[in-house]
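See below for the structure under consideration.
None of the figures in this text is laboratory data; all of them are computed from the coordinates on show. All figures in this text were calculated on a predicted structure; none of them were measured in a lab. All Cβ positions, glycine included, derive from the backbone under ideal geometry; neighbour counts span all protein chains shown.
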Amino acid sequence: MIDLHSWTTPNGRKVHIMLEECGLEHRDHPIDFRKGDQFTPEFLALSPNNKIPAIVDQDGPGGGPYTLFESGAILMYLADKTGMFWPTDARGRAETVQWLMWQMGGLGPMFGNSGHFHYYAKEKHPDSKAHFLSASQHLCKVLDAQLAGNEFVAGKDYTIADIAIWPWYMDPAKRGLVFSDYPNIQRWFAQIAERPGVKRGIQILEDIPRAPMDDKAWEFMFGKTQYARR
Ligand SMILES: N[C@@H](CCC(=O)N[C@@H](CS)C(=O)NCC(=O)O)C(=O)O
């Protein structure tokens, strides 16, 4: 049994999809960061960086509970645990890790910041908005070119690299991106959207009532509480 502590954002959803794709049993615990759930002592004990997702595998390595945070690390751990979506040959595995790192270090932060300046930022910073949009558009061009010659991100097989990237394209307009500019990404996105495990994964925690995006929520997410020393 895996205890999942998460929310319906791209970093959360990649783990939700992986759990469903692998057929792993899980109990879901919502962390609504508009309510400040990410700052409870119980959650910080699992995820000291106050970010979702975190998991506790009740049947961890060597037996007993094992806690892990950082979505990329969780995907690799679950892939190791199940042997799924993780090529066994050295070349295939390195390609998968390469694109996973590309997502974790590049696409995630750039899309997140582009979303921030298009959607959440209280003050409009045209330079910041343009900078993160250009960086995101650049990453889309790189991915679109990769998918022009490959069915999946790391080649012919569906891997954790696809699972890590896919949820970031669920709402491209929120980040200022025009999806039709990237036809190969659109083809890949539509193909993966049809997978039953993906359909189930994106339903996880969807029905939980969420707190409104008001001043209190903004303070938790981007104000003093977010950056307090703990
Ligand atoms: N590198 C981390 C990023 C996690 C992350 O940024 N999570 C966001 C939601 S997508 C979060 O928990 N935000 C709540 C907060 O910052 O307080 C990962 O991939 O797990």
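Just the number: Rg to Rh for the stretch 1-103, Cα atoms, Kirkwood Rh, two decimals.
0.98
Counting Lys and Arg as +1 and Asp and Glu as -1, what is the net charge of the other residues whose Cβ lies under 14 Å from the Cβ of TRP7?
Spelling it out: positives minus negatives among the neighbours equals +1.
Within the stretch 150-182, what residues put their amide N at less than 13 Å from the label point 7 Å along the Cα-to-Cβ vector of ASP89?
Under cut-off, by backbone N: 155-157.
Would you report the distance distribution of C-alpha pairs in the stretch 57-164 as whole percents per 10 angstrom bin, up to the bin with the largest distance?
14, 35, 28, 17, 6, 0
Using only the Cα atoms of the stretch 118-183, what do you get for the radius of gyration and for Dmax, in Å?
Radius of gyration, then largest Cα-Cα span, for the stretch 118-183: 13.8, 44 Å.
Hey, what did the stretch 90-193 get for relative contact order, percent, Cα under 8 Å, at least 6 apart?
Answer for the stretch 90-193 is 35 percent.
Counting only the backbone N, which residues of the stretch 133-157 are under 15 Å from the spot 7 Å out from the Cα of GLN186 toward its beta-carbon?
Backbone N within reach: 141, 144-145, 148.
How many percent of the alpha carbon pairs in the chain exceed a separation of 23 Å?
Beyond 23 Å sits 50 percent of the P(r) for the chain.
Please report LEU78, LEU24, LEU139 as a ranked list, fewest other C-beta atoms within 10 angstrom at the top and most at the bottom.
Ranking LEU78, LEU24, LEU139 by Cβ neighbours within 10 Å, fewest first, gives LEU24, LEU139, LEU78.
Please give the calculated 222 nm ellipticity per residue for the chain, where each DSSP H segment of at least 4 residues contributes -39500 (n - 2.57) and the sum is spread over every residue; nearest 500 deg cm²/dmol?
Helices in the chain give a 222 nm mean residue ellipticity of -14000 deg cm²/dmol.
Using a Förster distance of 30 angstrom, determine the FRET efficiency expected from the C-beta separation of GLU206 and ARG230, and round it to 0.05.
Calculated value: 0.50.
Could you list, in their original order, any pairs among LYS35/LYS141; LYS51/LYS129; LYS81/LYS141; LYS124/LYS156; LYS14/LYS129; LYS81/LYS122 whose Cα atoms are separated by more than 31 Å?
The pairs that break the limit, which is 31 Å between Cα atoms, are LYS35/LYS141; LYS81/LYS141; LYS124/LYS156; LYS81/LYS122.
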